[in-house]
1. Specify the residue that is nearest to the chain's Cα centre (by Cα); the eligible residues are those in segment A:77-111 that are loosely packed, with under 15 Cβ neighbours inside 10 Å, within 11 Å of another protein chain (Cβ to nearest Cβ) and charged (D, E, K, R).
2. Yes or no: segment A:53-74 includes at least one residue that is over 25 Å from B:VAL18 (Cβ atoms), within 9 Å of another protein chain (Cβ to nearest Cβ), surrounded by 22 or more Cβ atoms within 10 Å (Cβ to Cβ) and modelled with pLDDT of 95 or more.
3. Do you know which of the residues in segment A:75-122 that are outside any loop (DSSP other than H, G, I, E, B) and hydroxyl-bearing (Ser, Thr, Tyr) is nearest to A:GLY58 (Cα to Cα)?
2 protein chains.
Amino acid sequence: MSAVPVPRFAPRGTHWLVDCYGVDALLLRDAPTIEALLRDAARAAGAHVLSSHVHRFGDGAGVTGVVVLAESHLTIHTWPEHGFAAIDLFLCGETEPERAIAHLESAWPDARIVKTRHARGA
Amino acid sequence: MSAVPVPRFAPRGTHWLVDCYGVDALLLRDAPTIEALLRDAARAAGAHVLSSHVHRFGDGAGVTGVVVLAESHLTIHTWPEHGFAAIDLFLCGETEPERAIAHLESAWPDARIVKTRHARGA
């Protein structure tokens, strides 16, 4: 972890709220796949992963996942029974959040993805 | 995935983006205090804390904190050098997010807090 940069940038981040509809229920319960998807999305944006964890709620329910980055975070909450996932991408510094979103969109090509961009600390 | 219908349900979560300006720098580096603040805010909203972690970037830099809830998450990123913190409160189910925000506002009475509310899964 020593190679991870200490953030020294201005407090300006780009926060994408990404709501995904029509996602396969089995996938939305698959914690290892969800964790890999988020970590890969973070890397696609040029971010540095500090840690990640996906909590399974069990009994056919969804998951909650968090990827902590040197450049802020990614999170996901899934509702398999509705084919729905709410993803957040909060990225600061020299990252390209749109590449993370493109990664998600390519992983879930049949989902209807509704995304909004919000400036943080502007 | 194409066979999965697009669901038509009411918002599954309330997501507040909370940007805090003019916060004391020492406080924004104080990981235990930040962690307690977030956990207490979650409880004030009636949420159930599953886990929490605050990462210190060291060398006078800020922290990144995550509280994973049964009802989604709270996160924080701090920039002590700018007196700035970006907080997220994503709360689902039978919770009262406004009580969590009131808890934050009472803890940081001198901060300028800019907050926006977003429905997730609408």
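1. Going through the qualifying residues, I end up with A:ASP110.
2. Looking for residues that are over 25 Å from B:VAL18 (Cβ atoms), within 9 Å of another protein chain (Cβ to nearest Cβ), surrounded by 22 or more Cβ atoms within 10 Å (Cβ to Cβ) and modelled with pLDDT of 95 or more, one finds none in segment A:53-74, hence no.
3. Per the criteria, the residue is A:THR78.
The values are calculated or read from the model by the stated rules, or taken from the named source; none is laboratory data. Fair warning: this is a prediction, and the values are worked out from it, not measured in the lab. Using ideal geometry, Cβ is built from the backbone for each residue, glycine included, and neighbour counts are taken over all protein chains shown.
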